[in-house]
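Novice: Structure in structure tokens, see below.
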Amino acid sequence: MISMSQELPTQANHGHRENYLHAQRKKAGLSQRDVGILLGYADEGAVSRHESQTLPPLLSAIGYEIVFKKPIAELFPGIKETVEKRIEERILRFEEDLQRENGKGRRRSRIAQKLAWVSERRDTNEE
């Protein structure tokens, strides 16, 4: 069974660049307060935290994407890489678990459908 031991990140890891919010903000000539106002925050505190230590909520991350006209994955490349690695590992374990299952009837059909999805996904990624 797939373990939830490697949960997806909720905080930025110190020591390496997890996002480019600060660089994008400086490039635009905006202050943290300016960006906070654009995102609907009362002050610059949230923007400061998002630039250095915590991940923004999804709606704010989408807001950053809109403000800076950059995809979320480009604004948060370290997080994207971490999430991608963990999910790819989970998909491999998921596939292994499915291959070990011996379903009958409808269950067998669902397992086959899931394995086909994993295979199709892998083929798409290799192109």
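Novice: In debye, nearest 20, what is the charge dipole magnitude of the chain about its Cα centre with +1 on Lys and Arg Cβ and -1 on Asp and Glu Cβ, if you could check?
Specialist: 400 debye
Novice: Residue farthest toward the positive end of the dipole of the chain, with Cβ of Lys/Arg at +1 and Asp/Glu at -1: which of LEU98, GLY40, HIS50?
Specialist: The residue sitting farthest along the positive end of the dipole is LEU98.
Novice: Another question, if that's okay. Quick one: in the chain, what % of C-alpha pairs are over 19 Å apart?
Specialist: Above the 19 Å cut-off, the chain has 59 percent of its Cα pairs.
Novice: Starting from the Cα gyration tensor of region 53-127, multiply each eigenvalue by 5, take the square root, and state the resulting semi-axes largest first in whole Å.
Specialist: Semi-axis lengths for region 53-127 are 35, 13, 12 Å.
Novice: Give the residues of region 36-70 whose amide nitrogen is closer than 14 Å to a point set 7 Å from the Cα of HIS22 in the direction of its Cβ.
Specialist: Answer for region 36-70: 47-54.
Novice: Right, another one. With a probe of 1.4 Å, find how much accessible area the chain has per residue, and write the answer as a whole number in Å².
Specialist: Each residue of the chain exposes 70 Å² on average to a 1.4 Å probe.
The values are calculated or read from the model by the stated rules, or taken from the named source; none is laboratory data. Bear in mind that the values here come from a model prediction, so they are computed numbers and not experimental data. Quick reminder, even Gly has a Cβ in these numbers, built from the backbone with ideal geometry, and neighbours come from all protein chains shown. We work out accessible area using only protein heavy atoms, side chains counted, and drop any ligands, DNA or RNA first. Shrake-Rupley method; radii C 1.70, N 1.55, O 1.52, S 1.80 Å.
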